[in-house]
Amino acid sequence: MNIPADEVEQRAAQLLPDKNAVILLYCRTGKRADKALEVLRKMGYSHVENLHRFEM
C-alpha cells in the first residue's frame with residue numbers, strides 16, 4: 001500500500017486499523033519514511049520499521 005508521507009496521519013486509522021501489524025516504510029532517501037515512522041509510533045503503531053532507501 002502506498003500512502004504519501006504527508007497523508008499518513010490523516011489516512012492511517014482508516015487504512016491501517018491493526019496497530020499491531022508489521023508496517024514497513026521506505027522512500028527514496030529514507031527521510032520521509034523516518035517522519036512517517038514517528039507519526040505512526042505517536043499514533044500507537046507498535047511494529048513500524050523504516051527500510052530506508054528504495055532503489056530500483
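In the range 22-33, what residues are farther than 15 Å from N2 by Cα and in contact (Cβ under 8 Å) with a residue 12 or more places away in the chain? Step through it out loud before you land on a result.
Looking only at the range 22-33, we keep the residues that are farther than 15 Å from N2 by Cα, and these are 29, 31.
Of everything in the range 22-33, just one residue is farther than 15 Å from N2 by Cα and in contact (Cβ under 8 Å) with a residue 12 or more places away in the chain, namely T29.
A quick yes/no check of all residues on (1) out of contact with any helix residue (DSSP H, G or I) (no Cβ under 7 Å at 6 or more places or on another chain); (2) open to solvent by 100 Å² or more (accessible area, probe 1.4 Å); (3) of a type in the set (K, R):
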position: P4; (1), (2), (3): yes, no, no
position: E7; (1), (2), (3): yes, no, no
position: L15; (1), (2), (3): yes, no, no
position: N20; (1), (2), (3): yes, yes, no
position: Y26; (1), (2), (3): no, yes, no
position: K31; (1), (2), (3): yes, yes, yes
position: K42; (1), (2), (3): yes, yes, yes
position: S46; (1), (2), (3): yes, no, no
The range 1-18 residues that are among the hydrophobic types (A, V, I, L, M, F, W, C), paired with ones that are open to solvent by 60 Å² or more (accessible area, probe 1.4 Å) and at pLDDT below 90 (beta carbon under 9 Å, 6 or more apart)
L15/M1; L16/M1
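The values are calculated or read from the model by the stated rules, or taken from the named source; none is laboratory data. All values reported here derive from a predicted model rather than from experimental measurement. All Cβ positions, even for glycine, are placed from backbone atoms using ideal geometry, and neighbour counts span all protein chains on display. These area figures cover heavy atoms from the full protein model, side chains too; ligands, DNA and RNA do not enter into them. Shrake-Rupley method; radii C 1.70, N 1.55, O 1.52, S 1.80 Å.
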